[in-house]
There are 2 protein chains.
Amino acid sequence: MTERIFNFSAGPAVLPLSVLEHAQRELLALPGAGASILEISHRSKVFEAILQSAKKRLTELLSIPENYRILFLQGGSRLQFSMVPMNLLSADGPPADYILTGSWGKNALKEAIKAGPVRVAWDGKASNYDRLPGAGAVQLSPQAAYVHITSNETIEGVQFRTEPETGDVPLVCDSSSDFLHRPLDIARYGLLYACAQKNAGPAGVTIVIIREDLLERSQDSLPGYLNYKIHADNDSLWNTPAVFGIYIFDLIARWLLEDIGGLDKMYAQNCSKAQMLYDLIDASNGFYRGHSQSDCRSVMNVTFRLSTEELEKKFLAEAEKNGLSSLKGHRSVGGIRASIYNAMPVEGVTSLCNFMRDFASRS
Amino acid sequence: MTERIFNFSAGPAVLPLSVLEHAQRELLALPGAGASILEISHRSKVFEAILQSAKKRLTELLSIPENYRILFLQGGSRLQFSMVPMNLLSADGPPADYILTGSWGKNALKEAIKAGPVRVAWDGKASNYDRLPGAGAVQLSPQAAYVHITSNETIEGVQFRTEPETGDVPLVCDSSSDFLHRPLDIARYGLLYACAQKNAGPAGVTIVIIREDLLERSQDSLPGYLNYKIHADNDSLWNTPAVFGIYIFDLIARWLLEDIGGLDKMYAQNCSKAQMLYDLIDASNGFYRGHSQSDCRSVMNVTFRLSTEELEKKFLAEAEKNGLSSLKGHRSVGGIRASIYNAMPVEGVTSLCNFMRDFASRS
């Protein structure tokens, strides 16, 4: 086996080693199936059991109330950017309120504008998306079709600690990059979506948790694949779902429940990993400069800069040589980004911290 | 390792064992990456090389001309049923002609109707979808926006041997269930799409081959993920694609080129496998009754009935016991269906034939 490095990629991202080992063991023949998970029918009993297990474990992890449905779709968050407004907005109805705390929120807005009436309720542009809206800064409409947030912005490293209060207006959340990193009060959400390739699996499967009453907004005129109600009515089997992705998701959910011990424990680990990095940045006398304000720093994506781009290049090259991989910031903003999702071991963060201290002392 | 059975599932379906073994070997760490194919960034050099290799091998297999683009999407054929008309039709333009030779063509039509003007140019309903249109039976409009066919109908087992002549009108083909089973003259197509889970990989990746001039029909107002031009302009990396599915597709393309020796040889194998089953059916004195007319029988899905449903049940139960799995016909039509895609070994078909002869002699 080739040696594994510490992979700080923002997504697709590191997965639990025990999950990979499990998948590897049974890749030629799934127990009881006589065929690979890549080969079995999505309507077979073996896959039906996996699908139900995945839903059950996710329900347990997030304490999902009974009036919510779990869907396993394809197309990533990009497709959700369109599906959300196409299902939840109507041309002559009230607009949706979008809160923009970074690049992905802006991308979501771009698609929503094509689908129906929208309103920007807050935009962090003035401070280059380094913060969340301050108290009282967002004026939400009590009649809005929904309020959309991006719980964690991977590019800027800005993250909501708690959900904004939206009253009776459904809160819709792009939770792609921090899904399952902490417990959530699902009852506060109307709809929550996440592509899997950060905390929940390989690229190619997208998880949607939707409150049942919102399914009634889906019109028959929608393109079939884009209709939440069709997927809910068919328990994610209207078409062939991403079988392998759902299988890996189920293994990850089991890892979270049985190996980690639930999302409270996962969150404590995540906070402690992030704290190690932020403490180091804060103690570096400006050698490392964090992008986001300290009260809304992401515990998933730690973004920072060095004094020059040349120094950043050197940092990245040396890190790579030390087995610390994919630390380059998003191409739209540059800098450094350490993505430390659920499956990043503490040892990976310790290694990075040691490297950062050493690099600073030598520069 | 659990023993592998012969898997006659219509999809997801059997994959080449050597491909599964290769994927298994490097599932923990892809050579040169230090991380699993499930964990690496879609923008990493390692994945970029896989993506380009997949396109190169597909181009070689099908001799794809230079004025075509290859896209790797998600959402299966169901999403293509909507994307094709949403991109290629305009509300005030000429209708598209749909030729219906089975259930999947009808599903494609249902979505097209929502998107723009369509016309049914031929419908096999009168004979319960057991045949292709006879000579002169289809009146295509020379001004049609496109002509849509389903090259192989998995449920009925009806397959086009050659493409219908559409002159200057772009031929659009749902090739999901027979993609890569024989060489094609791509220049005869405007657009060809296929979900991977029959001959080309696991569920979750969809391949589109589109003639470049047709990309100009995609309007900016389309939902971003549904816009072919956006995907073409970004070389399938507008969003995170199904990384693992593309990796497996690349391995399958290599298997076709290097182990099988190209699509001519693959087609010869496929015809020979199908002939074994059809010869047995024809020689069974009506014990096994094929569904489709003999001149349009599918070489991918061999569908047949026995005299009673009870006997079919017995057949399926005994087959399963003999390691011949997933032979049940689609739930909408019943009966028996043996799906014998590229990766079904000749030994699987021989085993099935032996079982069928024995079963008939005992009944």
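The values are calculated or read from the model by the stated rules, or taken from the named source; none is laboratory data. Predicted model only: the values in this text are computed from it and were never measured. Neighbour counts run over all protein chains shown; Cβ positions are idealised from the backbone, glycine included.
Only residues that are facing chain A (nearest Cβ under 10 Å) and either in contact (Cβ under 8 Å) with a residue 24 or more places away in the chain or in a helix (DSSP H, G or I) (or both) were counted in the range B:231-246, giving 7.
Annotation: B:ALA108 fulfils all but one of (1) surrounded by fewer than 21 Cβ atoms within 10 Å (Cβ to Cβ); (2) within 13 Å of chain A (Cβ to nearest Cβ); (3) farther than 23 Å from B:ILE248 by Cβ; the unmet one is (1).
For first residues located in the range B:211-230 and within 14 Å of another protein chain (Cβ to nearest Cβ) and more than 21 Å from A:ASN87 (Cα to Cα), partners that are surrounded by 13 or more Cβ atoms within 10 Å (Cβ to Cβ) and of a type in the set (Lys, Arg) and lie 6+ apart or on another chain with Cβ distances below 6 Å form the pairs B:SER218/B:LYS229.
Taken over the range B:263-303, the criterion of being touching a Leu at 6+ places or on another chain (Cβ under 8 Å), within 30 Å of B:ARG57 (Cβ to Cβ) and of a type outside the set (A, V, I, L, M, F, W, C) is satisfied by no residue.
Evaluate the following for A:ALA200: is it farther than 25 Å from A:GLY334 by Cβ and without any contact (Cβ under 8 Å) to a residue 60 or more places away in the chain? So that I can check it myself, show each step before the final result.
Numbers: farther than 25 Å from A:GLY334 by Cβ: yes; without any contact (Cβ under 8 Å) to a residue 60 or more places away in the chain: yes.
Against the criterion (farther than 25 Å from A:GLY334 by Cβ and without any contact (Cβ under 8 Å) to a residue 60 or more places away in the chain), A:ALA200 qualifies.
Take the residues in the range B:60-76 that are away from chain A (no Cβ under 14 Å) and touching a strand residue (DSSP E or B) at 6+ places or on another chain (Cβ under 7 Å), then tell me which one is nearest to B:ALA194 (Cα to Cα).
Of the residues in the range B:60-76, the ones away from chain A (no Cβ under 14 Å) are B:60-70.
Then drop every residue that is not touching a strand residue (DSSP E or B) at 6+ places or on another chain (Cβ under 7 Å), which leaves B:64, B:67-70.
Working: B:ILE64: 15, B:ASN67: 19, B:TYR68: 15, B:ARG69: 14, B:ILE70: 11 Å.
Looking at the filtered set, the residue picked out is B:ILE70.
Take the residues in the range A:169-206 that are within 14 Å of chain B (Cβ to nearest Cβ) and not in a loop (DSSP other than H, G, I, E, B), then tell me which one is nearest to A:TYR98 (Cα to Cα). Applying the filter and picking the extreme gives A:ASP174.
Just to check your reading of the model, which residue among A:ASN199, A:ASN234, A:ASN285 is surrounded by fewer than 22 Cβ atoms within 10 Å (Cβ to Cβ), at pLDDT 95 or above and under 30 Å from A:ALA29 (Cα atoms)?
On the way: A:ASN199 fails: surrounded by fewer than 22 Cβ atoms within 10 Å (Cβ to Cβ); A:ASN285 fails: under 30 Å from A:ALA29 (Cα atoms).
Sole residue among the options that is surrounded by fewer than 22 Cβ atoms within 10 Å (Cβ to Cβ), at pLDDT 95 or above and under 30 Å from A:ALA29 (Cα atoms): A:ASN234.
Candidates are the residues of the range A:294-338 that are within 14 Å of chain B (Cβ to nearest Cβ) and of a type in the set (Ser, Thr, Tyr); the one that is farthest from A:CYS353 (Cα to Cα) is A:SER332.
Within the range A:243-253, is there a residue that is touching a Leu at 6+ places or on another chain (Cβ under 8 Å) and not assigned by TED's automatic domain parsing to the domain that holds A:ALA194? The answer is no; no qualifying residue exists. Yes or no: B:ARG161 modelled with pLDDT under 95 and within 18 Å of the chain's Cα centre (by Cα)? Taking the combined requirement at face value, the residue satisfies it.
Restricting the search to the range B:1-28, which residues are of a type in the set (S, T, N, Q) and either closer than 23 Å to A:THR240 by Cβ or facing chain A (nearest Cβ under 7 Å) (or both)?
In the first step, residues of the range B:1-28 are kept if they are of a type in the set (S, T, N, Q); the result is B:2, B:7, B:9, B:18, B:24.
The answer is B:THR2, B:ASN7, B:SER9, B:GLN24.
Within the bounds of the range A:252-267, is there any residue that is assigned to a helix (DSSP H, G or I), over 22 Å from the mean Cα position of the chain (by Cα) and among the aliphatic types (A, V, I, L, M)? Within the range A:252-267 (the criterion being assigned to a helix (DSSP H, G or I), over 22 Å from the mean Cα position of the chain (by Cα) and among the aliphatic types (A, V, I, L, M)), the answer is no, since none of the residues qualifies.
Name the residues in the range B:313-363 that are modelled with pLDDT of 95 or more and among the hydroxyl-bearing types (Ser, Thr, Tyr), would you? Within the range B:313-363, B:SER325, B:SER326, B:SER339, B:TYR341, B:THR350, B:SER351, B:SER361 meet the criteria. Considering the range B:150-196, the residues that are on the phi > 0 side of the Ramachandran plot and in contact (Cβ under 8 Å) with a residue 60 or more places away in the chain include one that is surrounded by the most Cβ atoms within 10 Å (Cβ to Cβ), namely B:GLY157. Total residues in the range A:77-104 satisfying the condition of being away from chain B (no Cβ under 14 Å), under 29 Å from B:ALA242 (Cβ atoms) and either within 15 Å of the chain's Cα centre (by Cα) or not hydrophobic (A, V, I, L, M, F, W, C) (or both): the figure is 3. Screening A:GLU310 on (1) modelled with pLDDT of 95 or more; (2) surrounded by 12 or more Cβ atoms within 10 Å (Cβ to Cβ) shows it passes everything except condition (2). The set of residues in the range B:29-44 being aliphatic (A, V, I, L, M) and facing chain A (nearest Cβ under 7 Å) consists of B:ALA29, B:ALA35, B:LEU38, B:ILE40. Selection over the range B:105-142 of residues that are of a type outside the set (Val, Ile, Thr), more than 20 Å from the chain's Cα centre (by Cα), within 25 Å of A:PRO223 (Cβ to Cβ) and not in a helix (DSSP H, G or I) gives a count of 7.
In this structure, is A:SER9 crowded, with 20+ Cβ neighbours inside 10 Å, part of a loop (DSSP other than H, G, I, E, B) and either at pLDDT 95 or above or among the β-branched types (Val, Ile, Thr) (or both)? Yes, satisfied.
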